[in-house]
Each structure stands twice: as C-alpha cells, then as structure tokens.
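Novice: Got a structure here, written out as structure tokens. Questions coming.
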Amino acid sequence: MPTRWDYEDPAFAEGISESLSIDQSLHSLFGASKASADIMVQEYGRYFGIPTCCLRGGCMTGPSHSGVELHGFLSYLVRTNLTDKTYTVHGYKGKQVRDHIHARDVARFAEEFIKAPRRGEVYNCGGGRANSCSNLEAFGRVAAITGHAMKWEYVDQARRGDHICYISDTSKMRRDYPGWSVTKSLDDCIREITDSWIGRLSSPQRLP
C-alpha cells in the first residue's frame, strides 16, 4: 500500500493473535524484559492458582502520556508538531504500522477482568486494525487536528529489533469479555493528546 505496510497472509487480517511464536526472532533487550514478565504472570496463575492476566499491549496512549522519541509515539509526535520541531522517521519508508489504545480502554478491561477473573490468562490489549496507522498516516491525522503542518526527516536505517507492522488481534479478549470494546478512536486519542499538550506547553512551568 502507498502509505503503510500490511500482512500478505490472510490469516493475519485481524492482526497478530496471542498464539504467534516469538522464538528465533529479534526483540531488543527491552522487548525481552517484557516477554520475561509475561511468562512470570502466567506462571503465578498456573503454578499457584492465582488469578492473573498478562496484557500484551499495542501502543497505549492518552492525554497524560509524556511521550519521548523512543516511546510514546502519538504523544511525542503531537508535541513535536505543536512545538514546530522536526520528527525523525527511522527506516521502512515511514510506512511502519502500530495500533493504538487509549489508557481508559485499558482500565475498562481491567474492571471487566476483576469481575470475572481467570488464571494465567493472556490477552492482546490494543486498538486493533481500526486504530492502526503508519508514520505517514499519523502525520496527516495530527496535522488535520492541530492545524500545523508536520515537519519530518527520513533516516534510511530502521531501529534494531523494530517491527515493520504490528496490529493487535483482540478477538480473544472480546470473545471472553463481551462487555469490553475499544471506545476511543485513533482521532479521539490524538485530539485529547493535542488538548493536553496545548495546556502543558502554555503553562507557566512550560516543559523544554
């Protein structure tokens, strides 16, 4: 596609499920630390019988997210746009894709799980295909909401261990907890982040 990478295999039409193997692939040390925590959560549930749940998150975000260059993509992108700075795209032609979920929707699932807990369970917790976007697509969405053109530059070197495309398949979560769904759209997230950064940047204790 002209603005994003996507999966060629139709098995991934809804995204990546919880069953996809992580063996024999590069993750980064940060990613490996999250995988080890994932296993411990499962072990406490299965070994000790404790109600536990591991949430494999997409890009979690919201108006209080203090994004930086390596983490917190939407928040950092909006802040860069509002301060008239230049965003750097690292590799993949700017077409790398992630899905985004509002912190409120994550908290809403936690409430649903508390009502009907399970042991050693694992769920993808992301915005899914509807809340996914590439860097290039995000530039347009942010500019449309802030009213500022996005300044960006391209470095033809992807970050080591960075995935080209990740979209969360949340069908298992929605099946087991039908009272839960994503309520905040991608544009909702961007609008709330924009309003938050406008307030923070205009305060007397303005961030650098």
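The values are calculated or read from the model by the stated rules, or taken from the named source; none is laboratory data. Worth saying up front: this structure is predicted, and the values here are computed from it rather than measured. Glycine also receives a Cβ, built like all others from the backbone with ideal geometry; neighbour counts cover every protein chain displayed.
Novice: Given Lys172, Lys184, which one is part of a loop (DSSP other than H, G, I, E, B) and either at pLDDT 95 or above or surrounded by 16 or more Cβ atoms within 10 Å (Cβ to Cβ) (or both)? It would help to see each step written out before you state the result.
Specialist: Values: Lys172 fails: part of a loop (DSSP other than H, G, I, E, B).
Lys184 is the lone residue from the list that is part of a loop (DSSP other than H, G, I, E, B) and either at pLDDT 95 or above or surrounded by 16 or more Cβ atoms within 10 Å (Cβ to Cβ) (or both).
Novice: Same structure again: May I ask you to verify whether Thr80 is surrounded by 17 or more Cβ atoms within 10 Å (Cβ to Cβ) and more than 24 Å from Lys34 (Cα to Cα)?
Specialist: Numbers: surrounded by 17 or more Cβ atoms within 10 Å (Cβ to Cβ): yes; more than 24 Å from Lys34 (Cα to Cα): yes.
Yes: the conditions hold for Thr80.
Novice: Of these, Lys95, Lys85, Lys115, which one is buried (at least 19 other Cβ atoms within 10 Å of the Cβ), at pLDDT 95 or above, more than 13 Å from the chain's Cα centre (by Cα) and among the charged types (D, E, K, R)?
Specialist: Details: Lys85 fails: buried (at least 19 other Cβ atoms within 10 Å of the Cβ); Lys115 fails: buried (at least 19 other Cβ atoms within 10 Å of the Cβ).
The unique qualifying residue is Lys95.
Novice: Could you check Ala11 against (1) among the hydrophobic types (A, V, I, L, M, F, W, C); (2) loosely packed, with under 14 Cβ neighbours inside 10 Å; (3) part of a loop (DSSP other than H, G, I, E, B) and say which number it fails?
Specialist: (3)
Novice: While we're here: Hey, any hits in the stretch 152-169 for a residue that's of a type in the set (Gly, Ala, Ser) and either closer than 17 Å to Ser64 by Cα or part of a loop (DSSP other than H, G, I, E, B) (or both)?
Specialist: Going through the stretch 152-169, the residues of a type in the set (Gly, Ala, Ser) turn out to be 158, 161, 168.
Then drop every residue that is not either closer than 17 Å to Ser64 by Cα or part of a loop (DSSP other than H, G, I, E, B) (or both), which leaves 158, 161.
Looking through the stretch 152-169, at least one residue is of a type in the set (Gly, Ala, Ser) and either closer than 17 Å to Ser64 by Cα or part of a loop (DSSP other than H, G, I, E, B) (or both).
Novice: Among the residues in the stretch 187-207, are any assigned to a loop (DSSP other than H, G, I, E, B), in contact with a Leu (Cβ under 8 Å, 6 or more places away or on another chain) and free of Cβ contacts under 8 Å to residues at least 40 places away in the same chain?
Specialist: As a first pass, look at the stretch 187-207 and keep what is assigned to a loop (DSSP other than H, G, I, E, B): 202-207.
Pick out the ones that are also in contact with a Leu (Cβ under 8 Å, 6 or more places away or on another chain) and you get 207.
If we keep only those that are free of Cβ contacts under 8 Å to residues at least 40 places away in the same chain too, we end up with 207.
Yes, there is a match, as at least one residue in the stretch 187-207 is assigned to a loop (DSSP other than H, G, I, E, B), in contact with a Leu (Cβ under 8 Å, 6 or more places away or on another chain) and free of Cβ contacts under 8 Å to residues at least 40 places away in the same chain.
Novice: Separate question: Show the residue pairs that are 6+ apart or on different chains and have beta-carbon atoms under 6 Å apart, the first residue being within the stretch 61-88 and touching a residue at least 24 places away in the same chain (Cβ under 8 Å), the second being part of a loop (DSSP other than H, G, I, E, B) and not hydrophobic (A, V, I, L, M, F, W, C).
Specialist: His65/Gly72; Ser75/His65; Ser75/Gly67; Asn81/His148
Novice: Going residue by residue through the stretch 112-132, is there one that turns out to be acidic (Asp, Glu) and over 19 Å from Ile167 (Cα atoms)? Write out each step before concluding.
Specialist: So in the stretch 112-132, the residues acidic (Asp, Glu) come out as 112, 121.
Those still in the list that are over 19 Å from Ile167 (Cα atoms) too: 112, 121.
The answer is yes; a qualifying residue exists.
Novice: Ok, one more. For the condition among the polar types (S, T, N, Q) and over 30 Å from Ser202 (Cα atoms), what is the one hit in Asn124, Asn131, Asn81, Asn135?
Specialist: Working: Asn131 fails: over 30 Å from Ser202 (Cα atoms); Asn81 fails: over 30 Å from Ser202 (Cα atoms); Asn135 fails: over 30 Å from Ser202 (Cα atoms).
Just one listed residue meets the conditions, Asn124.
Novice: Right, next: Give me a count of the residues in the stretch 5-58 that are touching a helix residue (DSSP H, G or I) at 6+ places or on another chain (Cβ under 7 Å), hydrophobic (A, V, I, L, M, F, W, C) and at pLDDT below 95.
Specialist: Matching residues across the stretch 5-58 total 1.
Novice: For the list (1) among the small types (Gly, Ala, Ser); (2) in contact (Cβ under 8 Å) with a residue 40 or more places away in the chain; (3) over 15 Å from Gly62 (Cα atoms), I need the number of the one condition that Ala144 fails.
Specialist: The number of the failed condition is (2).
Novice: Can you spot a residue in the stretch 4-26 that is in contact with a Gly (Cβ under 7 Å, 6 or more places away or on another chain) and over 20 Å from Ser132 (Cα atoms)?
Specialist: Yes, because at least one residue in the stretch 4-26 is in contact with a Gly (Cβ under 7 Å, 6 or more places away or on another chain) and over 20 Å from Ser132 (Cα atoms).
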